[in-house]
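Taken together, the values in this text are just the output of simple stated rules run on the coordinates, not laboratory data. Quantities reported herein were computed from a predicted structural model and do not represent experimental measurements. Here Cβ is always computed from backbone atoms with ideal geometry, including for glycine, and neighbour counts include all displayed protein chains.
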Amino acid sequence: MFCLLFGILFFPFILPFLLLRFIVRLLFGLVMLPFVALIVALGLVIGTIVFTFTIVASLMPLAPFALVAFVVWALTRHSRAANAIPN
């Protein structure tokens, strides 16, 4: 009962301060929005670089097998057996 009476009596006096607080918070949010967007974009770029590095580093142990496969493919690519049956 007291809170309701207090709110009804003093709301007209408190309303300008509530509106001012809302406006200040809105302006602060609008000013900070480009900085937040920049930090998010920077985080995404760094995350992409780290993800790419992680994938490359995890595939490095397979490099010797890929090298052997490439050498075998390069040697057999122009052999007579490969050209005997086209396609």
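When the inverse distances between all different Cα atoms of the stretch 25-67 are averaged and flipped, the Kirkwood radius reads 13.0 angstrom. Distances over 15 Å make up what percent of all Cα-Cα pairs in the chain? Counting every Cα pair in the chain, those more than 15 Å apart make up 80 percent. Could you calculate the FRET efficiency of LEU75 with VAL50 from 1/(1 + (r/R0)^6), where r is the beta carbon distance between them and R0 is 41 Å, rounded to 0.05? For LEU75 and VAL50, the calculated efficiency is 0.60.
Annotation: extensible slack from ILE8 through LEU42 equals 7.4 nm (criterion: 0.36 nm per residue apart, minus Cα-Cα distance).
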